[in-house]
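The values are calculated or read from the model by the stated rules, or taken from the named source; none is laboratory data. No experiment lies behind these values; they were computed from the predicted model shown. Positions of Cβ are generated from backbone atoms using ideal geometry, with glycine treated the same way; all protein chains shown enter the neighbour counts.
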Amino acid sequence: MRTLLMKLRRHKGHYSLALLFLLIGLLAGSQLQDNRFKVGKNLEIFANIINALETHYVDEIDQDIVVEAGIRGMLRSLDPYTTFISEKELAQFQTFTSGEYGGIGAMISQKKEKKMVRELFQDCPAHKGGLRVGDEFLKVNDEDVTGYDLGRVSSLLKGKPGTPVRVAVARPGGKETPEITLMREEVMLKNVPYQGKIQQDIGYIKLTGFSGHAADEVKAALESLKKGGAKKLILDLRGNPGGILGEAIAIVNLFIEKGQTVVETKGKNTAITKAYTTNAPAYDTEMPMVILIDEGCASASEIVSGVVQDCDRGVLIGKNTFGKGLVQTITSLGYNTQLKLTTAKYYIPSGRCIQKINYDRTPEPETAAATPTTDDEALTSKAAEEEVFKTQAGRIVQNGDGITPDIIVEQKTLAPITISLIAHDLIFDYATLFQTKHKHIAPAADFVVTEAQYRDFIAFLKDQEYTYGLALSLDWLMEQAEGAHYTEDIKQKITLLKEQIQCKKQEDLRKYAKEIKRRLQETIVGRYYFQAGSVAATLHHDQSVQKACRLLQNMDQYYALLKAPMAPEAAVTASH
């Protein structure tokens, strides 16, 4: 190879060019041969390890578990989204991507040893059959499931649409209900759980996912709002983790005319490189629009918000998005397993990549020190961050940290006591008891937690255990004191401090009553009016929503935000 390089330096013209092509061919062939050797070598090493474990390891091993752990460890060294989908995970993954499954239409969770209904989907079998949020599953098809794990209970409840499933549940207070027979249905999760008018001419759409039919749902919501007199729109994408790319493109196409490039995918394999454009007439290109975003927005929701920003079609309000701009391709591995493999990156019309410049590869602790970022990588990241990207109107937009909103709204952090009440499921548990005592409540947008109801909640908490802040440290200190056989005097002082903290709890329950009431309101309303009700109950005190309403009431400010600021020279010229 070195000889060829020397000859190449000595010759000119077409002879030199021929040698160059020969050299490239030899290098490519050498590289391919080297790669094949490495693959064979590493596969042999992996097989030898499994064989050694099977033959000599002190205990019996489960090969499936060991191999799966090896696969996951290998993929973890790449990026957070290249993952192995095992046979038992496949159904759940397909539900996420399609938004459809055969079941009873309930979200279940585990609290200590109890497997209970966490959320009901309106007009689905669980709701129509009389199940309630908070019900604990005791039996499924005559099987005692009290000792089962959550995944096993979930599998028993799912099944082919049109088939029956019998359940026995216990309600708070220990009352066991008779067995209920539910007829499984094909459950299609809604992408738009709520739509409505916030003010006379301002419509609001909550979009929670991008599974099948998302664009159709958004269009139907738009049509309904416009018929009802809405002339401006708030599209809420907060907390939306993304989904199907085609649905994101179709939603963009509702607001942006045919022929606009929405996103480009670029990867090592040139076959992956592709530009996706809007391919149909837009539904509405004029309606003033605000999109709400936050750190919970990823992938498809970042494409929609980023393209709207790049095309100056609307104003973004909220917080920086997550920054997930990597494209995954699903590859079958056989035996009902799949590989979700990162093959490209997303680039939106301004040319910026949605992906955060430095994503966390989450390496194993023992390898973290061995894989530092090189100087070249650091310089590349810095250069990418400093590159200037502009919208179609010439506005400068940020790169390297997800999508940055045009107006940043920092949400107030919850008080420690509120966080503790949520974490210990006490607001959830009180809402469960509330529903057993109240058959009906006011409409979702009108319901408020009264002072009498709040006093009842405080009384409910007297018998409940929940700690936060200093109380957690005192619990630990008491354990240490008992373990070290400290004097009773020290233990009494700790007990006295805990009593004082109990008094502080009562003080905090009054001090932060407003935000705790709002959480109670949202949770209770959800029991009667489902996810749509929970959304409706929060709109009037949502900071980002109220900021969007104020902006849409001031159209001069709205359009000013969508224009690039004039350069200093232009401003001087304009003033003459």
- Filter segment 257-275 for residues that are assigned to a strand (DSSP E or B) and more than 15 Å from Asp310 (Cα to Cα); which is nearest to the chain's Cα centre (by Cα)? Thr265
- Task: Output yes when any residue across segment 227-248 is over 23 Å from Ser544 (Cα atoms), charged (D, E, K, R), buried (at least 21 other Cβ atoms within 10 Å of the Cβ) and not assigned by TED's automatic domain parsing to the domain that holds Gly105, and no when none is.
- Result: yes
- Where a residue in segment 182-208 is under 18 Å from Asp542 (Cα atoms) and its partner, wherever it lies, is modelled with pLDDT of 95 or more and aromatic (Phe, Trp, Tyr), with Cβ under 6 Å and at least six apart: Gly196/Tyr204; Ile198/Tyr204; Lys206/Tyr194
- Item | Any pair with Cβ under 7 angstrom, 6 or more apart, that starts in segment 436-452 at a residue that is surrounded by 10 or more Cβ atoms within 10 Å (Cβ to Cβ) and ends at one that is β-branched (Val, Ile, Thr) and in a loop (DSSP other than H, G, I, E, B) | Phe447/Ile441
- Query: Can you tell me which residues in segment 285-310 are closer than 21 Å to Lys226 by Cβ and over 22 Å from the mean Cα position of the chain (by Cα)?
  - Reply: Thr285, Glu286, Met287, Pro288, Met289
- Item | Per-region count, segment 395-407, residues modelled with pLDDT of 90 or more and more than 15 Å from Leu562 (Cα to Cα) | 2
- Note on the structure: Within segment 34-67, residues being closer than 27 Å to Glu87 by Cα and of a type in the set (D, E, K, R) number 6
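Here's the yes/no breakdown for (1) modelled with pLDDT of 85 or more; (2) within 24 Å of Asn336 (Cβ to Cβ); (3) aromatic (Phe, Trp, Tyr); (4) outside the structural domain of Ser534 (by TED's automatic domain parsing):
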| site | (1), (2), (3), (4) |
| --- | --- |
| Ile50 | no, yes, no, yes |
| Ile71 | no, yes, no, yes |
| Thr82 | yes, yes, no, yes |
| Gly105 | yes, no, no, yes |
- Item | Among the residues listed as Ile202, Ile198, the single one being among the hydrophobic types (A, V, I, L, M, F, W, C) and closer than 18 Å to Gln531 by Cβ | Ile198
- Note on the structure: Considering segment 304-316, residues that are among the hydrophobic types (A, V, I, L, M, F, W, C) and touching a residue at least 60 places away in the same chain (Cβ under 8 Å), and then whichever is surrounded by the most Cβ atoms within 10 Å (Cβ to Cβ), we arrive at Val304
- Which condition number does Tyr528 fail, the rest of (1) of a type outside the set (Lys, Arg); (2) modelled with pLDDT of 95 or more; (3) farther than 28 Å from Gly209 by Cβ being met? (3)
- Answer yes or no as to whether Thr573 is at pLDDT below 95 and not assigned by TED's automatic domain parsing to the domain that holds Thr391. yes
- Quick one: is Asp508 among the charged types (D, E, K, R), out of contact with any Leu (no Cβ under 7 Å at 6 or more places or on another chain), outside the structural domain of Asp135 (by TED's automatic domain parsing) and modelled with pLDDT under 90? no
- Message: Here is a check on your reading of the model: is Gln411 modelled with pLDDT of 95 or more and not hydrophobic (A, V, I, L, M, F, W, C)?
- Response: no
- Note on the structure: Quick count over segment 132-190, residues being under 26 Å from the mean Cα position of the chain (by Cα) and of a type in the set (Phe, Trp, Tyr), is 0
- Message: Can you confirm whether Val153 is farther than 30 Å from Val307 by Cα, in contact with a helix residue (DSSP H, G or I) (Cβ under 6 Å, 6 or more places away or on another chain), of a type in the set (Val, Ile, Thr) and in contact (Cβ under 8 Å) with a residue 40 or more places away in the chain?
- Response: no
- Query: Quick check: is even one residue across segment 333-341 loosely packed, with under 15 Cβ neighbours inside 10 Å and either in contact with a His (Cβ under 9 Å, 6 or more places away or on another chain) or at pLDDT 85 or above (or both)?
  - Reply: no
- Identity of the residue in segment 317-332, of a type outside the set (A, V, I, L, M) and touching a Leu at 6+ places or on another chain (Cβ under 7 Å), that ends up surrounded by the most Cβ atoms within 10 Å (Cβ to Cβ): Gly318
